[in-house]
Amino acid sequence: MTDKKMSGNKTMITDLTQGSVAKQMFAFAMPLFVANALQAVYNLVDMVVVGQVVGGAGMSAVSIGGDILHILTFLAMGFSSAGQVLIAQYVGAGKMDEMRRLIGTMFTLLISIALVISVICFALRYPILNILNTPAESYEYTRDYMVTCIVGLVFIYGYNIVSAILRGMGDSRRPFVFIAIAAVLNTVLDILFVAVFHMAAFGAALATVIGQAVSFIVSIIYLYRHKENFGFDFAPESFRIDRRIVRPLLQLGIPMAIQSAAVSLSKIVLTSWINAEGVVFSALSGIYNKTGMMMGIVSNSFTTAASSMVGQNLGARKYDRVPRIIGTALLTGGIISTVASVFVIAFPDALCALFTKDKAVLAQAALLTLPIVLNFFGGASRSGAFGLINGSGNSNLNLLVAILDGMIARVGLAAFMGFALGMRCRGFWLGDALAGYMPFVIGSVFFVSGKWKRSV
């Protein structure tokens, strides 16, 4: 990478190919951590407020609706992650024209996909709820939550596009600001709509959609005002899908999307099995998923940071920095997981009491302790593995992770422990947690092989 290639882009692009790896990792990851924490908080607020005001049926609705929304975003997650990696590699290699054409292609492709998915899922809303064995007590709440979130799907996709652009260029601070706006709005509106206006699950979903919409609009305004700094002019013709650029985006994005979808689909299968056990276990599943999401903010923050750092350094052929990047991500995640696990083991009842006062739910809280702890460390192990896999742009490994983690290990282990061993819901949660270590196994083999050095 030369200064000439990067001139005129200094305010938007951060060079991650030189300097202290640890300092860069934390400088990049901390805004992501806070942003993801805020995102987790405003997702938690839905469940906490609804759980306290409506009860177990409301918690079940938010849990099921959240699972549905998560799987609907698999293409956004896959293609935005791919876009981030490609942008980082283009920046590292000084290929600024390719980066600009990728931005326009991403916008058009992903927004179009979001609109199509929204229409299809609205038409199939009742079959989806029935397939998931949605408990009768929470059926109407779940429908309201799901439909409202479907309407706002385009804003989630849009935000992911903007975040991918900025993070690929080494900027993690602006995405933090945008998500902070959504978090504050969602929290205030949640309390207003649910606790004051008694709009139940619909109010919680509406608060989330409004927060996401405002966040996306503000982020677009920011990009437009700074368009000269990265050369994207926002002219209509700039949003054409470039065939040469869309090819690497699809080659990397499809396996990443399949991986995200496979994990989400496997969790939907588990959700269906758990929902069949009744509304109490459906509510407990929501607590398990939300605590996993809380630790996921650590994993996702360091995964995103490591992916951009690995991508830029591979693009610049600075291979010696990659092991240090991966090691820093793993060590940090491990320390945080240890601290969080001590709290969960010491205060399992207090953890569940944060979400609900329902005595039937609290009576089963101990079932979640071991699955939650295993899930914490599984999330920590994934940050280094996906940092290497995603940063190197290895689509085949992403597909392998999708098959082993999502399609085989998760459902297979959950079915074996839940049905064959007779552990039921506890077995489903344990199977889900253990499957989360598959990316680490695959990433370790990839690292030892040294093939990542030849990936760019």
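The values are calculated or read from the model by the stated rules, or taken from the named source; none is laboratory data. Keep in mind the model is a prediction, meaning the values are calculated, not measured. Because the Cβ atoms are built from the backbone with ideal geometry, glycine has one as well, and the counts that use them run over all protein chains shown.
Side notes on the structure shown:
- Candidates in the stretch 253-270 are the residues that are surrounded by 21 or more Cβ atoms within 10 Å (Cβ to Cβ) and modelled with pLDDT of 85 or more; of these, the one that is farthest from Gly431 (Cα to Cα) is Gly253.
- Breaking point among (1) surrounded by fewer than 20 Cβ atoms within 10 Å (Cβ to Cβ); (2) under 30 Å from Phe26 (Cα atoms); (3) among the charged types (D, E, K, R), for Arg174: (1)
- With respect to the stated conditions, Leu192 is at pLDDT 85 or above, out of contact with any strand residue (DSSP E or B) (no Cβ under 7 Å at 6 or more places or on another chain), of a type in the set (A, V, I, L, M) and more than 23 Å from Met309 (Cα to Cα).
- Of the residues screened, Leu166 is one that is part of a helix (DSSP H, G or I) and in contact with a Pro (Cβ under 7 Å, 6 or more places away or on another chain).
- Selected residue [out of contact with any strand residue (DSSP E or B) (no Cβ under 6 Å at 6 or more places or on another chain), within 19 Å of Val85 (Cβ to Cβ) and surrounded by fewer than 21 Cβ atoms within 10 Å (Cβ to Cβ)] from Leu331, Leu250, Leu314: Leu250
- Test for Leu367: is it touching a helix residue (DSSP H, G or I) at 6+ places or on another chain (Cβ under 7 Å), within 24 Å of Gly58 (Cβ to Cβ) and assigned to a helix (DSSP H, G or I): yes
- Residues considered: Gly418, Gly384, Gly431. Of these, the only one that is under 23 Å from Ile325 (Cα atoms) and either in a helix (DSSP H, G or I) or among the aliphatic types (A, V, I, L, M) (or both) is Gly384.
- Test: residue in the stretch 351-358 that is surrounded by fewer than 21 Cβ atoms within 10 Å (Cβ to Cβ), assigned to a helix (DSSP H, G or I), on the phi < 0 side of the Ramachandran plot and modelled with pLDDT under 85: yes
- Residue check, Ile156 more than 16 Å from the chain's Cα centre (by Cα) and either at negative phi or not β-branched (Val, Ile, Thr) (or both): no
- Search result, residues across the stretch 55-90 that are more than 19 Å from Cys149 (Cα to Cα) and not in a helix (DSSP H, G or I): Gly55
- When Ala200, Ala180 are checked against the criterion of being modelled with pLDDT under 90 and farther than 13 Å from Leu32 by Cβ, a single residue qualifies: Ala200.
- Counting the residues of the stretch 335-350 that are closer than 30 Å to Gly387 by Cα and crowded, with 17+ Cβ neighbours inside 10 Å gives 5.
- So Val218, is it surrounded by fewer than 23 Cβ atoms within 10 Å (Cβ to Cβ) and either of a type in the set (A, V, I, L, M) or at positive phi (or both): yes
- Boolean, Thr142 is surrounded by 22 or more Cβ atoms within 10 Å (Cβ to Cβ), in contact (Cβ under 8 Å) with a residue 12 or more places away in the chain and either outside any helix (DSSP H, G or I) or at positive phi (or both): no
- Among the conditions (1) of a type in the set (A, V, I, L, M, F, W, C); (2) touching a Gly at 6+ places or on another chain (Cβ under 7 Å); (3) not in a helix (DSSP H, G or I), Phe234 misses just one, which is (2).
- Condition met for Ser299 (assigned to a helix (DSSP H, G or I), within 18 Å of Leu32 (Cβ to Cβ) and among the small types (Gly, Ala, Ser)): yes
- Neighbours by Cβ (under 7 Å, 6+ apart or cross-chain): first from the stretch 68-85, in contact (Cβ under 8 Å) with a residue 60 or more places away in the chain; second among the aromatic types (Phe, Trp, Tyr): Ala76/Tyr157
- Residue satisfying all of: in the stretch 395-429; buried (at least 21 other Cβ atoms within 10 Å of the Cβ) and either in contact with a Ser or Thr (Cβ under 7 Å, 6 or more places away or on another chain) or β-branched (Val, Ile, Thr) (or both); modelled with the lowest pLDDT among these: Gly406
- Condition met for Val246 (over 27 Å from Val21 (Cβ atoms), in contact with a Pro (Cβ under 6 Å, 6 or more places away or on another chain) and in contact (Cβ under 8 Å) with a residue 40 or more places away in the chain): no
- Only listed residue being modelled with pLDDT of 80 or more and over 24 Å from Gly327 (Cβ atoms), chosen from Leu69, Leu38, Leu44, Leu16: Leu69
- Residue that is farthest from Ile245 (Cα to Cα) [pool: residues in the stretch 105-153 that are over 21 Å from the mean Cα position of the chain (by Cα) and among the small types (Gly, Ala, Ser)]: Ala136
- Qualifying residue in the stretch 104-124 (condition: closer than 30 Å to Lys23 by Cα and buried (at least 17 other Cβ atoms within 10 Å of the Cβ)): no
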